[in-house]
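Working notes for the structure below.
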Amino acid sequence: MRSFNIHFAKTHLSRLLDEVEKGEPFIIAKAGKPKAQVMPIAAAKKRAKRRIGFLKGAYTLPRNYEAIDKRLDREIEKLFAVRGRG
């Protein structure tokens, strides 16, 4: 991806935006460090899409998971229990 310094981007913004519209994103840098990425709005929307439920069916919980959870809670409480000072 091409990178331009702030001065160049300000000077040639109109031309650069025409290129972005054609699908050519670019980065604006300050002192050689990337500060912003300019891309078409449609590309940004596609990129932000979330896949909810994509792990459905990938794992299962045991039937007694609540009992296991309570047992682990008790073990953790024992580990962190404050013992008498003396």
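FYI, it's all coordinate maths here, none of it is from the lab. The shown structure was predicted, so the numbers you read here are calculated from the model rather than taken from an experiment.
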- Report relative contact order for the chain in percent, whole number only (criteria: Cα-Cα under 8 Å, sequence separation at least 6). 20 percent
- Taking the chain as a Gaussian network, where each spring joins two C-alpha atoms under 10 Å apart, which residue of K33, K70, K22 fluctuates the most? K70
- Message: Helix 65-80 against the longest principal axis of the chain: what's the angle in degrees, Cα atoms only, rounded to the nearest 10?
- Response: 80 degrees
- Extension gain L79-A58, at 0.36 nm per residue separation less the Cα-Cα distance, in nm? 4.3 nm
- Task: Compute the length gained on full extension between L13 and K33: take 0.36 nm times their separation in residues and subtract their Cα-Cα distance, giving the result in nm to one decimal.
- Result: 5.3 nm
